[in-house]
Amino acid sequence: MSDFTVFPKSVRPHGCGKAYMLRDHQGKEWFVNCGITHPLDHKTAEMLRREFPWTAPSRVLALRKTVAVGDRLDLCAAGILEACRESDAVPVPVQQSARELSLSGRTLEEALDAATFAVYREGYLGPWGACADRLQSFQEIEAALAAGCTCLSVDCAPLLGQGEPPSDELREQYQGRTFSVEGKQIRFERLTLEDCCREYGQVIILLSEIYYSYVQRSGVDLEVLLNEADTPTGVAGLYFLANELCRRGIAFQAVCPRLELPLEAAAPLDGEAESLREEAELLACVSRSFGFKLSFRNLEQKPELLTLLGEAAGYRLHASLGGLSWLEAMRLLAREEPVLFRLVYGIALTALPVARQVFPSSLDESALPSLDGLEDNALPGLLSGTPVEQLLELTYGQVLHSQLKDRLAAFLRSHAAELEELVRNRVRADLDRLK
């Protein structure tokens with residue numbers, strides 16, 4: 001094979017010779033083992049995970065600081081890994097939900113294989129995780145385990161508020177009692193207990209079944225997602241949920257609470273930072289007491305909150321930057337192909353009502369600017385903490401399936417190295433906020 005470039009970090013002795021990855025003159029990548037060239041397909045990924053165990057994901061959620069940057073394009077994992085190599089944060093480059101996979105037209109196996117290839121290519125020898133996100137059925141859990149995911153993130157929102165009144169045993173356990181957690185007092189009056197039972201009763205039953213049917217048997221991590229609840233989790237709610245799970249012998253590594261201030265781009269922050277810090281600190285007291293981490297989502301659009309939440313949690317947290325790779329791709333598109341970016345923006349505006357049905361959002365459409373009259377050099381600046389970021393994040397699936405999909409795919413392939421560098425620099429900058 002001629003006209004190819006070998007990835008230097010991938011070269012290593014193996015078997016009767018050397019193993020390495022290369023890119024040919026058309027931009028396609030290959031794995032070469034002892035002179036035999038293999039395509040980067042599922043069979044090759046399985047071989048890599050078998051022959052080089054560090055290219056397989058492992059359980060990482062119990063580690064002190066983890067960061068999930070789900071690569072929706074299967075082009076950015078190498079940049080994510082390189083940024084984390086320079087940090088004390090452990091990467092989770094695979095964090096995909098069924099709805100995200102459907103929107104991006106991929107399978108969980110394809111996402112995990114892409115991460116395996118990136119891990120081998122970059123010679124990343126540290127631990128890394130693969131998360132099946134927002135699981136809502138036993139079928140999805142079984143598919144995630146079959147694919148090789150090491151973390152199950154269970155979306156509890158559909159069952160929140162469906163519980164029964166407290167039993168006599170629970171009233172005896174909680175009602176009128178005060179619990180001390182790191183010097184903080186959590187008191188359960190009658191109404192507090194009834195609210196907790198109603199909010200989390202069915203969630204506890206579901207998590208019990210998931211744990212004993214799947215988690216314990218498979219040896220994977222468990223994350224509890226509450227962030228799409230209608231009401232904030234609160235310190236009493238988190239204590240009740242954690243205590244009831246522990247009383248049932250259920251081991252879990254992280255809980256993503258619903259905060260008073262939802263962590264999404266359209267939510268205001270000015271004047272509310274201190275109350276957010278106090279809330280996070282109270283929740284962190286509970287998490288430390290029970291030995292799990294707090295998990296926070298939607299931080300790719302509010303990176304300034306990384307420092308605040310990191311400090312509040314004692315830098316023991318799981319931070320999700322899920323849409324980061326897509327937003328960096330759009331920033332690159334705005335800079336390099338402004339005509340195509342304008343077309344993408346138009347499709348995003350049209351697709352917003354449909355996208356809202358998938359991803360509930362408080363985005364104010366009146367805050368979205370018209371691009372008419374804007375110079376091309378002003379377009380990249382629209383992706384710097386403005387509502388445009390949230391628009392593009394909400395509608396990425398519709399854009400990827402639009403009439404522009406072939407042009408967009410060709411652009412991303414031809415600019416893969418630049419995108420990788422942008423993602424690496426952005427993740428590195430965000431991780432610096434967690435030091």
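Structural remarks
- For the range 180-235, filtered to residues that are aromatic (Phe, Trp, Tyr) and surrounded by 14 or more Cβ atoms within 10 Å (Cβ to Cβ), the residue that is farthest from Ser275 (Cα to Cα) is Tyr214.
- Scanning the range 21-46 for residues that are outside any strand (DSSP E or B) and surrounded by fewer than 15 Cβ atoms within 10 Å (Cβ to Cβ) returns His25, Gln26, Gly27, Lys28, Cys34, Gly35, Asp41, His42, Lys43.
- Arg335 vs. criteria surrounded by fewer than 22 Cβ atoms within 10 Å (Cβ to Cβ), over 23 Å from the mean Cα position of the chain (by Cα) and either under 30 Å from Phe252 (Cα atoms) or not aliphatic (A, V, I, L, M) (or both): yes
- Selection within the range 14-39 - under 30 Å from Ala89 (Cβ atoms) and either assigned by TED's automatic domain parsing to the domain that holds Val224 or of a type in the set (Asp, Glu) (or both): Glu29
- If you go through the range 133-173 and keep only what is of a type in the set (A, V, I, L, M) and either buried (at least 22 other Cβ atoms within 10 Å of the Cβ) or out of contact with any strand residue (DSSP E or B) (no Cβ under 6 Å at 6 or more places or on another chain) (or both), you end up with Leu135, Ala143, Ala144, Leu145, Ala146, Ala147, Leu152, Val154, Ala157, Leu159, Leu160, Leu170.
- Residues in the range 361-375 that are in contact with a Leu (Cβ under 9 Å, 6 or more places away or on another chain) and either touching a residue at least 24 places away in the same chain (Cβ under 8 Å) or among the small types (Gly, Ala, Ser) (or both): Ser361, Leu363, Leu371.
- Filtered residues of the range 335-350 (kept if closer than 13 Å to Leu391 by Cβ and either among the polar types (S, T, N, Q) or in contact (Cβ under 8 Å) with a residue 40 or more places away in the chain (or both)): Val344, Tyr345, Ile347, Ala348, Leu349, Thr350
- The range 72-121, residues that are free of Cβ contacts under 8 Å to residues at least 40 places away in the same chain, assigned to a loop (DSSP other than H, G, I, E, B) and crowded, with 23+ Cβ neighbours inside 10 Å: Pro93
- Residue within the range 8-20 that is in contact with a Phe, Trp or Tyr (Cβ under 6 Å, 6 or more places away or on another chain) and either modelled with pLDDT under 90 or in a helix (DSSP H, G or I) (or both) present: yes
- Some residue of the range 161-169 being in a helix (DSSP H, G or I) and within 30 Å of Lys9 (Cβ to Cβ): no
- Note on the range 104-162: residues that are under 13 Å from Glu223 (Cα atoms), in contact with a Lys or Arg (Cβ under 6 Å, 6 or more places away or on another chain) and among the acidic types (Asp, Glu) amount to 1.
- Residue that is within 19 Å of Gly161 (Cα to Cα), without any contact (Cβ under 8 Å) to a residue 24 or more places away in the chain and out of contact with any Lys or Arg (no Cβ under 8 Å at 6 or more places or on another chain), where the choices are Glu209, Glu194, Glu199: Glu209
- The set of residues in the range 122-132 being in contact with a helix residue (DSSP H, G or I) (Cβ under 7 Å, 6 or more places away or on another chain) and either crowded, with 24+ Cβ neighbours inside 10 Å or aromatic (Phe, Trp, Tyr) (or both) consists of Tyr124, Trp128, Ala130, Ala132.
- If you filter the range 147-202 down to residues that are aliphatic (A, V, I, L, M) and more than 24 Å from the chain's Cα centre (by Cα), you find that the one that is farthest from Leu283 (Cα to Cα) is Leu170.
- Some residue of the range 155-170 being of a type in the set (D, E, K, R) and in contact with a Gly (Cβ under 6 Å, 6 or more places away or on another chain): yes
The values are calculated or read from the model by the stated rules, or taken from the named source; none is laboratory data. Values in this document were obtained by computation on a predicted structure and should not be read as measured data. Positions of Cβ are generated from backbone atoms using ideal geometry, with glycine treated the same way; all protein chains shown enter the neighbour counts.
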